[in-house]
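First the structure, in the form of structure tokens, and then the observations on it.
The values are calculated or read from the model by the stated rules, or taken from the named source; none is laboratory data. What you are looking at is a predicted structure, and each value in this text was computed from that prediction instead of being measured. Here the Cβ is made from the backbone with ideal geometry for all residues, glycine too, and neighbour counts use every protein chain on show. Protein only, heavy atoms only, side chains kept; ligands, DNA and RNA dropped before computing areas. Shrake-Rupley method; radii C 1.70, N 1.55, O 1.52, S 1.80 Å.
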Amino acid sequence: MAERIEQRLEDRIPELEQLERVGLFTRKEIRAVLRKASALEYKIQRRALRKEDFINYIQYEVNLLELIKKRRARTGYSFKKDEIEYSILHRVHSLFNRATGKWKDDVQLWLSHVAFCKQWNAKHQLSKVFSTMLAIHSNKPELWIMAAKWEMETRLSSENARHLFLRALRFHPECPKLYQEYFRMELMHAEKQRKEKKEFEQAKMDLGEFNYSEEILNGEMARIVYRDASQKIKGVEFQLAVLSIAKLFDFTEDLQKEILESLQARYADDPLTWDYMARRELELGSLQPTEHTTKQKKVSELAQREERCCAVFDEAVRTVPTEDMWKCYITFCLERYNRKTNSEELKQKRLERTLSVFSKAHESSLLSEALYKQWLQLLLDSNLSEKAVEVAEAATRHFSQSVETWQMRLQVLIQLKRDDVTQCFEEATKHVKSKGTLPLWTLWVEWSEGTNSKEDTEALYQRSLHATTPAESVTMKEMYLDWTYRNCGYKKVKRLFTSLCENRPFSLDFFRKMIQIEKEQESCKMLHLREYYERALREFGSTNTDLWLDYIKEELNHPQGKPENCGSIHWRAMKMLQRDLVEDFVSKYTLLQTGHL
């Protein structure tokens, strides 16, 4: 192994001598490079190879290349690149080849090699990397697309890109993304040939030696790709994706028409088809020239285009009366309403249209829970409070088991300061199962705190402890404890704490809250703190190291504390904590003893 490493280091000497001779590196820097290279070589030549060692070596060589590049820019010296940079580049490629040969499944390693080749314009090497990578990772369509794009855009080889796409489709015959990119590539090829032909014609050159097929120039290859794909790939999403690609090219009118006809014929009942057809009315209007038109006329034209869109949507919800279709219609209306405009008339018209569509969807019983929420928000923002109350009530009728819907209705009533809030809360608790009702109870007690008497609020807290599940009652206990301390004082909260401790489960914050309350008293008693810590440790002593440390700190720092108890607390912690937490506790306890915690 040593002989091999020495040989590799000797192979570096010519490039290092050149670096010193041309003044890019000093002798001291050359020695440092040799020492570092020697250490890195030993790491990648040992029997048990590690990927990190190869990555570190490659990173070192890349950093060296960058440094040489900066030194050249600073000194203005641009010669001897064959003897210096190319030698390092060859070594980096060799390292990458060894690493990817050893860890073939690491895609990120392959992509790093690809990125390096692109950065240093190593086209020949990159072609080899893609070839080897695709042979191993042929199951990843995105790698095939990357390779084909590089052939098309960098090497300007449509033929190689087409060959790669065809190979990829043999492995992935039903991959939409592959077909989309292949379709795009054929259109780019056609556009490239059209530009070439136009330039030759402008230069009045003879086109006899060039073979420009009219079919290819008109995108016939892309049409073939589309027809083949549409037989294998079902779904309106693919059709719309291909159509959006075709629209990027100005010579695809016939192709766009064919795709659109296929879309309407095969997916006439799909909401996305109708959504596209409706939104297309906006684009068709915007293609007309708008020069020398007043603002008022522009607003009028925009309003007309939106009306045409809505006419299509109206037909859509009659033809395809589904929840998804109404969702598309409402989404469109909301998008238009949220667009900025200086015309108050247009904004008001958009608002009225949106509210009307919401109402029609509701009447058809095809409005989703999420859309009810958006409808309510729109009504509240528009100061239509009475309508908002009606809609909120209707939402809870349709989704009577949904906590979120009841919560939404209650928030509306609270925001509007209605008198029937309590009645609504009672109704909600009857309809919704106890599991998951925590948001309702927290909202109820928070509202009661600011509205009702202390007695009513306390009764509500007591009720919530029984109405919620044991896991959810933990949060209510914390809130109850905090409210009692704020409103009823220390003695009452101490009695409440003792009462609440009779029923599990608890949270750590529940105990910490009581400890904090005790500390805030003028006559803070260590006896009470010990009781709270002991109760907390019975529940969380096996899983929480900080609780033990806080207990020890309390004994050390409190005026009534007993430092001699710290030893027994430490011994109990060592016995009670889970095995994987003992080491963490010991290190923190040591820091505490040395005054660093």
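In order along the stretch 275-283, phi translates into HN-Hα couplings of 4, 5, 5, 5, 5, 4, 4, 5, 5 Hz, rounded to whole numbers, per the Karplus curve 6.51 cos²θ - 1.76 cosθ + 1.60 with θ = phi - 60° and x for Gly and Pro. Summing charges over all other residues whose Cβ lies under 14 Å from the Cβ of F183, with Lys and Arg as +1 and Asp and Glu as -1, gives +2. Ranked by solvent-accessible area (1.4 Å probe, protein heavy atoms only, all chains present), the residues K295, K197 order from largest to smallest as K295, K197. Within the full protein context, the accessible area of I414 is estimated at about 50 Å² for a probe radius of 1.4 Å. Summing +1 for each Lys or Arg and -1 for each Asp or Glu among the other residues whose beta-carbon sits under 12 angstrom from that of F79 gives +1.
Take each of the peptides 86-94, 587-595, average the number of other beta-carbon atoms within 10 Å over its residues, and list them starting from the highest.
Numbers: 86-94: 17.0, 587-595: 12.8.
For the peptides 86-94, 587-595, the packing ranking is 86-94, 587-595.
Based on DSSP H segments of at least four residues, each scored -39500 (n - 2.57), the chain has a per-residue ellipticity at 222 nm of -25000 deg cm²/dmol.
Annotation: average projected area of the stretch 405-510 is 6.6 square nanometres, based on the convex hull of Cα atoms across all directions.
For the chain, with all protein chains in place and a probe radius of 1.4 Å, 49% of the accessible heavy-atom surface sits on carbon or sulfur. For the stretch 87-97, putting each phi into the Karplus relation 6.51 cos²θ - 1.76 cosθ + 1.60 with θ = phi - 60° gives couplings of 5, 5, 4, 4, 5, 5, 4, 4, 5, 4, 4 Hz, in residue order, rounded to whole numbers and with x for Gly and Pro.
The convex hull of the Cα atoms of the stretch 147-272, projected and averaged over all directions, covers 8.4 nm².
Accessible surface computed residue by residue for the stretch 302-392, with neighbouring protein chains in place and a 1.4 Å probe, gives 52 Å² per residue.
Per residue, how much accessible area does the stretch 102-189 have with a 1.4 Å probe, in Å²?
48
Would you mind pulling out the separation of the Cα centroids of the stretch 493-514 and the stretch 1-73, in Å? Computed from Cα coordinates, the inter-centre distance equals 65 Å.
Under 25 °C and 0.890 mPa s, how fast does the stretch 515-591 diffuse according to Stokes-Einstein, given a Kirkwood radius computed over C-alpha pairs? Answer in µm²/s, whole number.
Taking Rh from Cα pairs, D becomes 192 µm²/s.
Phi-derived couplings, Karplus 6.51 cos²θ - 1.76 cosθ + 1.60 at θ = phi - 60°, listed residue by residue for the stretch 545-551: 6, 5, 5, 5, 5, 5, 4 Hz, with x used for Gly and Pro.
Summarising the overall dimensions of the chain from its C-alpha atoms, the Rg and Dmax are 36.9, 105 angstrom.
Our note on the geometry: Cα centres of the stretch 515-551 and the stretch 298-319, 67 Å apart.
Over the stretch 1-103, the Kirkwood radius and the radius of gyration, each from Cα atoms, give a ratio Rg/Rh of 0.98. Taking Cα pairs under 8 Å and at least six residues apart, what relative contact order does the chain come out at, in percent? For the chain, the relative contact order is 4 percent. Dipole of the stretch 110-196 computed with +1 at Lys/Arg Cβ and -1 at Asp/Glu Cβ about the Cα centre; of A161, S131, M146, farthest Cα towards the positive end is S131. Report the normalised scattering of the stretch 77-123 as log10 I(q)/I(0) at q = 0.14, 0.20, 0.22 Å⁻¹, calculated by the Debye formula with identical scatterers on the alpha carbons. Values, matching the q order: -0.39, -0.68, -0.78. Per residue, the stretch 441-550 exposes 47 Å² of solvent-accessible protein surface, assessed with a 1.4 angstrom probe and all protein chains in place. For the stretch 308-403, trypsin sites (Lys or Arg not before Pro) are listed when DSSP marks them as loop and at most 15 other Cβ atoms sit within 10 Å of their Cβ; the list is R339, K340.
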